[in-house]
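To keep things clear, I will list the structure first and then write my remarks on it.
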Amino acid sequence: MHAIEAIDLTKRFGAIQAVDGVSFMLGAGEMLALLGPSGSGKTTLLRLVAGLEQPDGGTVSLFGMQGLRPEERGVGMVFQDLALWPHMSLRQHLLFPVRKLDLTREEVDERVTQTIASVGLGGREKARPAELSGGEQQRLALARALIGRPKRLLLDEPFSSLDLPLKREMVELVLELHERDGFTLVHVTHDPVEASRASDRIVALDSGKVVWSGPPGDLMQAKYPALEPLIRAADWWS
């Protein structure tokens with residue numbers, strides 16, 4: 001059984017076909033990048049996997065199980081706007097989800113402390129989002145998604161607004177945490193270089209359909225009109 005199996009997913013919003021017959025399968029611990037221009041269906045597809053949207057057709061299975069509520073899916077998610085709570089400190093952001101777990105108070109404190117350290121935010125526990133830099137806010141959102149130790153991490157283009165050095169830093173942090181924790185990763189991006197760095201496989205979308213799929217090393221030779229502007233404008237890391 002696969003960690004994530006999407007079969008012939010479709011989703012409409014009125015007259016707009018946001019996702020049109022998309023299928024993919026991911027084994028435990030694999031990394032998939034969903035690549036495409038704005039409006040290609042990447043975020044809607046990610047939300048279907050998370051259970052935040054319901055498909056009009058097709059199925060999402062997680063280790064063979066269908067119809068799970070979002071909180072049953074073992075998913076951590078980082079949204080594009082990060083969705084941080086302005087009135088909460090960094091530590092309170094992490095306590096909120098972890099208190100729902102079956103842990104003792106000592107285990108909760110240990111989990112929070114370890115997670116803060118793992119994203120390099122030690123000493124910032126009392127800071128609220130407005131007191132954090134852009135990179136620190138990104139790290140907080142990532143820590144909140146991971147503190148429950150999910151089997152799947154979904155990233156909805158959270159690094160798109162960062163400058164190149166900070167984007168590189170955050171992607172490398174995700175890869176470091178993936179190596180440590182072994183979660184299955186689905187990563188939405190419009191940057192081919194970012195997609196190539198943080199994936200075992202790339203699925204490229206246009207108008208809700210899969211237009212290319214393959215290993216990162218083959219992406220720059222992909223011949224499809226919607227991908228060419230992205231490849232030409234890519235943020236080259238080297």
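The values are calculated or read from the model by the stated rules, or taken from the named source; none is laboratory data. None of the values given here were measured: they were computed from a predicted structure. Methodologically, a virtual Cβ is constructed for each residue, glycine included, from the backbone with ideal geometry; neighbour enumeration extends over all protein chains shown.
Here is how the numbers come out for the structure above:
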| read-out | value |
| --- | --- |
| Residue within region 198-215 that is at negative phi and in a helix (DSSP H, G or I) present | no |
| Some residue of region 59-74 being surrounded by fewer than 17 Cβ atoms within 10 Å (Cβ to Cβ), assigned by TED's automatic domain parsing to the domain that holds GLU228, in a strand (DSSP E or B) and not hydrophobic (A, V, I, L, M, F, W, C) | yes |
| Test: residue in region 159-168 that is of a type in the set (S, T, N, Q), surrounded by fewer than 17 Cβ atoms within 10 Å (Cβ to Cβ) and either touching a helix residue (DSSP H, G or I) at 6+ places or on another chain (Cβ under 6 Å) or under 30 Å from PRO225 (Cβ atoms) (or both) | yes |
| Number of positions in region 106-121 that are in contact (Cβ under 8 Å) with a residue 40 or more places away in the chain and assigned to a helix (DSSP H, G or I) | 1 |
| Enumeration of residues in region 81-101 that are surrounded by 15 or more Cβ atoms within 10 Å (Cβ to Cβ) and on the phi > 0 side of the Ramachandran plot | LEU82 |
| Residues of region 75-105 classified as part of a helix (DSSP H, G or I) and either touching a Gly at 6+ places or on another chain (Cβ under 8 Å) or among the basic types (Lys, Arg) (or both), total | 4 |
| Members of region 32-70 found to be modelled with pLDDT of 95 or more and basic (Lys, Arg), listed by number | LYS42, ARG47 |
| Filtered residues of region 141-197 (kept if small (Gly, Ala, Ser) and touching a Leu at 6+ places or on another chain (Cβ under 9 Å)) | ALA141, ALA143, ALA145, GLY148, ALA195, SER196 |
| Only one of ARG149, ARG124 that is free of Cβ contacts under 8 Å to residues at least 60 places away in the same chain, at positive phi and either surrounded by fewer than 16 Cβ atoms within 10 Å (Cβ to Cβ) or not in a helix (DSSP H, G or I) (or both) | ARG149 |
| Residue check, VAL49 closer than 24 Å to ARG197 by Cα and either touching a residue at least 24 places away in the same chain (Cβ under 8 Å) or not hydrophobic (A, V, I, L, M, F, W, C) (or both) | yes |
